[in-house]
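*Asks:* The following block contains the structure, expressed as structure tokens.
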Amino acid sequence: MSDHVADQAGVLATLAKADPERREADEHARSCPPCRQALDEGVRLMALLHRTLPATEGEGPRWRPTGGREVRSAAEIARRLAWASTGAVVLAWVFQLSVGGGFRLDLDCALVSLLVLAVAVGCVTLLRGNARLAVATVVVTSGLFAYLSGSTAGLAAEIGIRCTFRELWAAGLTWIVVGAVGRRFGVTFDGSKTTAIVAAGALAAHAGQHLACSVPHSDAHLLIFHFGGVVLATLLAALGTRRSSVELAAG
């Protein structure tokens, strides 16, 4: 089996060991440490689910770790991660508003900003099962947003550098929040999902820039620093997760 199985580890862990697809996954995982780790985590999760007390009718399985604190079903964990992702993306938008240098209350700009923010939220909720599509949606939305928002000429490089760094900070903040919640529930994210989360945070910050930037309609400024910030955050996340996977495999 040549393809990685980390993305499907949770599903593969539910299959019997004799199942052909599970056998292929196990065979691949023997020579791929990242996939082995993801598959082992899926197996441990399923073992915990099977050791629970019988669930009442209509409820999903539940288990209790040492200490007696109830750990929720896999479906509920997914819901909580979705809420955490939504909150983290909105937080990136609010962060951008709080540090921007040119906040202006304009109804049309606010509506456009909220619309782009909604796309960013959708990328970590509605599209969470397809991380590559989510990343593509972020990049395309940011590019169109920057292009269509530009109505005057101007670069404003000094302001632009700050705009880009603020987008990077907001993207990092999004990942910190979602990653912390994921660790609380024992959930790990592969490289593509991590990249999608970071990219969505950067897009939310770009949406905030529409209200908080001092030059929100300067065409070159928007394309180079606002859209460029989203692209840079996405690339840094993708390269960072790829490097981590390579180092893990080498180890």
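*Asks:* Treating the beta-carbon of each Lys and Arg as +1 and of each Asp and Glu as -1, no other charges, what is the dipole magnitude of the range 158-251 about its Cα centre, to the nearest 20 debye?
*Replies:* Numbers: 7 positive and 5 negative charges, 66 e Å.
Computed about the Cα centre, the dipole is about 320 debye.
*Asks:* What whole number of Å gives the distance from the Cα centroid of the range 182-207 to the Cα centroid of the range 108-131?
*Replies:* 14 Å
*Asks:* Could you give me the ³J(HN,Hα) list for the range 15-24, computed from phi with Karplus coefficients 6.51, -1.76, 1.60 and θ = phi - 60°, whole Hz, x at Gly and Pro?
*Replies:* Coupling constants for the range 15-24: 7, 5, 4, 7, 5, x, 5, 5, 4, 5 Hz.
*Asks:* If you don't mind, another one. Can you list which of the chymotrypsin sites (Phe, Trp or Tyr not before Pro) found in the range 73-139 are DSSP loop residues with at most 15 other C-beta atoms within 10 Å?
*Replies:* Details: sites: 83, 93, 95, 103; in loops: 103.
In loop regions of the range 73-139 (DSSP not H, G, I, E or B), the sparsely surrounded chymotrypsin sites (Phe, Trp or Tyr not before Pro) are 103.
*Asks:* In addition: Kindly rank 153-159, 188-194, 204-210 from highest to lowest mean number of other beta carbons found within 10 Å of each residue. Write out the running numbers ahead of the final one.
*Replies:* Values: 153-159: 13.4, 188-194: 19.3, 204-210: 31.1.
Top of the packing list down: 204-210, 188-194, 153-159.
*Asks:* Starting with the highest mean, order 15-22, 132-139, 225-232 by the number of other Cβ atoms within 10 Å, averaged over the residues of each peptide. Please list the in-between numbers first.
*Replies:* On the way: 15-22: 11.0, 132-139: 19.8, 225-232: 24.1.
Highest mean packing first, the order is 225-232, 132-139, 15-22.
*Asks:* Enumerate the amide H contacts of residue 214 below 5 Å, restricted to partners 5 or more residues apart or on another chain; note that Pro and chain-start residues carry no placed amide H.
*Replies:* Those qualifying (amide H under 5 Å, at least 5 residues apart or on another chain) are 101, 102.
*Asks:* Let me ask another. What list of ³J(HN,Hα) couplings, whole Hz, do you get for the range 171-179 from phi and the Karplus terms 6.51, -1.76, 1.60, once you set θ to phi - 60° and write x for glycine and proline?
*Replies:* Each residue's phi maps through the Karplus curve to give 5, x, 4, 4, 5, 4, 5, 5, x Hz.
Read-outs: derived from the displayed coordinates by stated rules, not from any lab. Note that the structure is a prediction, hence the values are computed from the model and not measured. Cβ: placed from backbone, ideal geometry, glycine included. Neighbour counts: every protein chain shown.
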